[in-house]
Amino acid sequence: MSTNQSNWIVETGQAWKLYVAVAGFTGALLCFTLGIFSLVTGGERFLALVSCGLFLGCATFFWFTAVLRCSHCANKLVWTMVSTRPHSSWVVDLAALESCPACGGRLDRVA
């Protein structure tokens, strides 16, 4: 593996998981937005749209927590970042990882 890029998640081939999670969270936000706009037309679909958004957001978060793992120690990276970083910066820190926060596994040791 090449170490010319600094993002550990991209170099370990797990970037697609980030993109799927962003798509899921965007879909949840879209459901919430459509739910709010449905109030203008009488609110008949408000509960369905908000429920769908809540389900999609929770399902995306739980999926993302389960699938993004360290290739060295199989640690759940998202859960480690959520539980050890401030709520305002864990996503930024996750996207900028240079090594595993649990075991310290670096790119030069990826098989």
*Starting from the residue with the highest accessible area, list LEU77, LEU39 in decreasing order, probe 1.4 Å.*
LEU39, LEU77
_Overall form of segment 59-101 per C-alpha gyration tensor (a/c, 1.5; a/b vs b/c)_ = oblate
*asked:* Can you give me the % of accessible surface on segment 22-73 that is carbon or sulfur? Probe 1.4 Å, all protein chains present, nothing else counted.
replied: 77 percent
_Place a point 7 Å from the Cα of VAL20 along the Cα-to-Cβ direction; which residues of segment 67-81 have their backbone N under 12 Å from it?_
67-69
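Work out how much length SER99 to ILE36 would gain on full extension: take 0.36 nm times their residue separation and subtract the Cα-Cα distance, in nm to one decimal.
Numbers: separation 63, 0.36 × 63 = 22.68 nm, distance 4.08 nm.
My answer for the length gained is 18.6 nm.
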*So, counting K/R as plus one and D/E as minus one, what does the shell of residues with Cβ under 14 Å around TRP63 add up to?*
+3
*Which log10 I(q)/I(0) values, to two decimals, does the chain give at q = 0.16, 0.20 Å⁻¹ under the Debye formula with one point per Cα?*
-0.75, -1.00
*R0 = 22 Å: FRET efficiency of TRP90 with ALA48, Cβ-based, nearest 0.05?*
0.10
_Additional length obtainable on full extension of the chain from ASN7 to TRP79, 0.36 nm per residue less Cα span_ = 24.1 nm
_If you count only protein heavy atoms with a 1.4 Å probe, what accessible area per residue comes out for the chain, rounded to a whole Å²?_
62 Å²
*Considering only protein heavy atoms, what is the solvent-accessible area of PHE32 at a probe of 1.4 Å, reported in Å² to the nearest 10?*
80 Å²
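The values are calculated or read from the model by the stated rules, or taken from the named source; none is laboratory data. Model, not experiment: these values are computed from the prediction. Neighbour counts run over all protein chains shown; Cβ positions are idealised from the backbone, glycine included. Ligands, DNA and RNA are stripped out before the accessible areas are found, and what is left, the full protein with its side chains, is counted by its heavy atoms. Shrake-Rupley method; radii C 1.70, N 1.55, O 1.52, S 1.80 Å.
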